[in-house]
Amino acid sequence: MTTGAVPSLTVTDIEVGGMTCAACVRRVEKKLAKLDGVAANVNLATGNARVSHPSDVSPLALVAAVEQAGYTARLPRPEREASTEGDEESAADRAERQRLVVVALLSLPVLVLSMVPALQFRNWQWLCFMLAAPVAVWGAWPFHQRALRGIRHGAATMDSLVSLVVVASFSWSAYALFFGGAGRAGMRMPFTLVPSAADGVAHLYLEAAVGVPLFVLVGRFLEARARRGTGAALRSLARLGVKDVAIRQGRVERLVPIEQLAVGDTFLVRPGERVATDGVVVEGNSAVDQALVTGESEPVEAGPGDTVVVGAVNAGGLLVVRAAAVGADTQLARIARLVTEAQAGKARAQRLADAVAGVFVPVILALAVTALGFWLGAGAEAQAAITVCVAVLVVACPCALGLATPTALMAATGRGAQLGVLVTGPQALEGLRHIDTVVLDKTGTLTSGHMSVARVTVVPDGLAEREVLRLAAAVEDGSEHPLGRAITAHSVRLLADEVLPPVGEFVALPGFGVRGRVGDELVEVSAVTDGLPEALGEALRAAEEAAHTAVQVSVDRTVVALIAVGDVLRPGSYRAVDRLRRLGIRPILATGDREAPARAVASRLAIDAVHAACSPEDKAALVAALRAEGRRVAVVGDGVNDAAALASADLGIAMGSGTDVAIGAADVTLVRGDIEALADAVLLSRTTLATIRTNLVWAFGYNVVTVPLAMVGLLNPMLAAAAMSLSSVLVVVNSLRLRTWQPAPVRTHESRRRARSNW
């Protein structure tokens with residue numbers, strides 16, 4: 001028995017044009033889903049469709065399907081052509097702005113004369129008719145065009161409603177002028193916020209014919225500007241890349257396009273320039289500002305052997321860097337890719353909104369026809385019935401439903417990237433919102449992940465600490481042991497530009513230490529022996545309690561100092577664990593390290609649950625047990641041994657300084673490698689989801705309230721048009737607030753109580 005092979009799935013991004021509301025999104029998704037094995041997520045805010053499809057379905061077939069739905073589509077442009085795209089977009093923006101300006105100039109006199117009876121001069125209505133005609137035809141032509149295209153494809157969208165309103169309002173006004181008595185010289189027409197009874201003369205609705213397209217164009221113009229703002233963070237990331245790079249080949253330096261840079265090439269980064277790609281410094285020392293890439297607020301020192309990332313700014317001296325990754329493999333490219341993928345997803349609430357939007361326009365059309373029939377059947381004049389019908393069509397707005405989630409998600413993911421927090425999508429944001437337990441790795445997460453000097457204690461009235469470090473570093477400079485490297489690195493940083501003295505008679509004592517002669521003095525750095533001076537006993541006990549390794553420094557056989565070396569806590573670990581606890585999240589320490597150092601770290605951070613000597617399987621089992629208890633578990637780690645736990649948790653969070661395996665298994669990445677960013681991520685997720693809920697409540701609530709008011713005749717069509725446009729703008733502006741979100745300190749219930757009592 002044989003079975004057919006399951007075709008592999010491919011993900012393709014398509015740029016979709018012509019979408020104006022959530023109903024358009026729903027239609028494009030349904031059209032793509034009709035292809036075998038195809039699933040699509042369409043984002044109204046970005047105008048992009050992320051399509052998962054079998055390899056035997058070509059991207060061109062996907063583009064054709066979108067075009068068959070009545071929209072324009074194209075595959076993303078190559079990077080070389082991307083630079084010209086901004087010019088085309090600017091031209092399109094200019095054309096829309098020009099249309100808006102002309103429509104406004106023609107519409108404003110009509111609105112003023114229609115709304116202020118005192119200004120209505122003889123034959124004013126004919127002037128208004130001549131001004132309104134180009135607005136109803138040319139100004140509203142994009143709406144008519146998209147509505148006709150929708151009719152050809154059996155679809156009804158927001159443009160269908162706008163087009164129908166303009167045609168109905170202008171046609172009725174033309175009938176009133178030519179056949180209904182409204183064209184008589186000296187005719188006056190009062191303006192009311194609600195439809196009024198006719199006085200023998202058919203009313204004009206030229207203000208609706210020009211006001212609806214004007215308000216919708218203004219709303220979409222503001223909408224577009226605000227939506228461009230929500231994607232500003234991603235565009236700023238894209239601008240961090242450089243176009244040209246100075247490559248050094250031997251003694252020759254030449255400037256080449258960034259596309260020609262290859263892994264292993266050596267390039268120069270002068271003061272004030274951006275690093276062209278991820279690499280390792282081979283010459284030079286400088287302060288490097290990585291704030292725009294990692295969210296790290298302070299510049300970091302970079303010297304030979306240190307890594308630098310693309311987009312970082314060289315704030316000091318000349319650096320010579322060897323390229324370690326280029327193009328799509330750089331950290332900046334991965335960040336941009338993660339942000340883009342996150343913005344393409346949909347939260348659960350948005351899926352509900354899209355489902356509602358799919359039937360929204362047909363329902364509104366049915367309600368408008370029902371209202372028209374009801375009022376005519378109740379004996380109302382045709383004018384009043386048509387006014388109610390037009391108001392129902394105008395006031396309905398599915399645009400806000402389609403923008404509620406994607407605009408907030410775009411702003412939040414962009415802001416998160418600026419703060420050094422990358423999320424893989426709305427599911428990750430929702431997961432951050434609900435976690436109540438976080439399992440923390442120790443090494444590389446709560447601690448720095450490398451050995452360093454924690455404390456130096458010298459014998460009173462003996463050698464100064466600086467002299468002790470100078471001698472110890474001189475003999476340890478020839479050692480390859482991690483403890484020796486940590487002592488040397490610490491001493492070199494402290495001694496600055498001071499040159500270490502030469503060492504003679506150097507001897508490495510395996511398992512014990514090193515010995516050498518510096519000048520006339522015999523210097524020995526070794527494990528602690530019996531007979532330690534009493535003055536250093538307290539330092540030894542403190543090192544043991546902190547699970548640090550203590551080494552003694554002897555000069556001419558006399559112990560002069562004790563150096564404690566260990567994996568020190570990150571500076572932000574104290575605040576991070578405290579902030580998580582105040583957010584109602586229980587921290588648990590799970591590490592592969594020994595019991596003593598694990599307990600020491602947990603004690604210093606006030607973590608009560610400790611699991612030491614954990615294998616990768618033990619960590620995954622711990623996560624499973626916690627989830628079985630009903631907890632929402634997040635795991636934070638940075639190594640290969642954390643990958644299984646990261647993947648099995650409700651939410652996996654990787655340190656940006658960790659391995660690619662850990663980052664690949666995680667839902668959230670803390671780019672700057674600072675555990676305190678986790679609390680920022682939780683707060684950002686809670687703020688974002690609260691914003692999305694507010695948007696959706698407004699979008700649904702607006703239609704629930706205004707559509708019935710229009711059906712019972714309590715809304716003037718022009719007032720309805722203004723309200724409809726305002727609803728979409730408010731949703732986008734509300735989301736835009738996330739661009740400037742700042743992580744405020746977490747306040748406990750007790751601190752809030754004290755603050756209130758002080759007030």
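Taking the stretch 452-566 on its own, what percent of its Cα-Cα pair distances exceed 18 Å? Across the stretch 452-566, Cα pairs with separations above 18 Å total 44 percent.
Equivalent-ellipsoid semi-axes (√(5λ), Cα gyration tensor) for the stretch 505-553, whole Å, largest first?
The three semi-axes for the stretch 505-553 are 24, 13, 8 Å.
Summing charges over all other residues whose Cβ lies under 9 Å from the Cβ of Leu522, with Lys and Arg as +1 and Asp and Glu as -1, gives -2. So for the stretch 9-76, considering every pair of alpha-carbon atoms, how many percent are separated by more than 17 Å? Value for the stretch 9-76 (Cα pairs over 17 Å): 26 percent. Each peptide in 115-121, 36-42 receives the mean, over its residues, of other Cβ atoms within 10 Å, and ordering these scores from highest gives 36-42, 115-121. Ordering 381-394, 573-586 by mean Cβ neighbour count within 10 Å, with the highest value first, yields 381-394, 573-586.
Computed from the coordinates by the stated procedures, all read-outs in this text should not be read as laboratory data. No experiment lies behind these values; they were computed from the predicted model shown. FYI the Cβ positions are ideal-geometry reconstructions off the backbone, even for glycines, and counts take in every protein chain you see.
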